[in-house]
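To start, the structure itself, in structure tokens.
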Amino acid sequence: MSMGLIGVCSWSLVPENPQMLAIRLKETAVEGVQLALGPLVMDPETWGHQGNDVMAAIANLDLKMISGMMATEGEDYSSLESIRATGGIRPNSTW
């Protein structure tokens with residue numbers, strides 16, 4: 001029975017560019033990555049046109065792309081209560 005894929009959220013590694021992300025992913029010895037999409041949108045010069053640079057960096061490590069992640073307006077992860085109220089796509093007021 002497979003235990004599933006072990007991955008890491010890219011934002012948790014605090015990378016400044018695709019090369020730094022690749023180095024930190026390699027150091028973690030994970031099998032997959034959940035890629036924060038914000039940097040690709042907010043800083044395309046660093047992260048590559050349409051994410052090509054970061055995707056190449058991940059592919060060169062033979063990792064699996066598990067998902068893309070986005071942050072929504074007003075998210076607050078400081079407590080379980082605030083996560084419940086603001087996490088993900090929950091609050092209708094931010095859509």
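The values are calculated or read from the model by the stated rules, or taken from the named source; none is laboratory data. Note that the structure is predicted; figures quoted are calculated from it, not measured. Here Cβ is always computed from backbone atoms with ideal geometry, including for glycine, and neighbour counts include all displayed protein chains. Ligands, DNA and RNA are stripped out before the accessible areas are found, and what is left, the full protein with its side chains, is counted by its heavy atoms. Shrake-Rupley method; radii C 1.70, N 1.55, O 1.52, S 1.80 Å.
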Report task. Considering each residue of the range 44-55, count those that are open to solvent by less than 50 Å² (accessible area, probe 1.4 Å) and either within 11 Å of the chain's Cα centre (by Cα) or under 15 Å from Val33 (Cα atoms) (or both), and give that number. Result -> 2
Query raised in the report: Out of the range 1-29, which residues are touching a strand residue (DSSP E or B) at 6+ places or on another chain (Cβ under 8 Å) and either open to solvent by 80 Å² or more (accessible area, probe 1.4 Å) or at pLDDT below 90 (or both)?
Result: Leu5, Ile6, Gly7, Trp11
Report summary line: Checked against (1) within 22 Å of Pro15 (Cα to Cα); (2) assigned to a helix (DSSP H, G or I), Tyr77 satisfies every condition except (2)
**Report entry** Condition met for Glu16 (without any contact (Cβ under 8 Å) to a residue 24 or more places away in the chain and not aliphatic (A, V, I, L, M))
**Finding:** no
Query raised in the report: Here are Thr72, Thr86: which of them is β-branched (Val, Ile, Thr), more than 23 Å from Leu5 (Cβ to Cβ) and within 16 Å of the chain's Cα centre (by Cα)?
Result: Thr72
Query raised in the report: For the range 23-48, how many residues are out of contact with any Gly (no Cβ under 9 Å at 6 or more places or on another chain) and within 13 Å of Met65 (Cα to Cα)?
Result: 1
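Per-residue answers, yes or no, for (1) on the phi < 0 side of the Ramachandran plot; (2) hydroxyl-bearing (Ser, Thr, Tyr):
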| position | (1), (2) |
| --- | --- |
| Val8 | yes, no |
| Gln19 | yes, no |
| Leu25 | yes, no |
| Ala36 | yes, no |
| Ala57 | yes, no |
| Tyr77 | yes, yes |
| Gly88 | no, no |
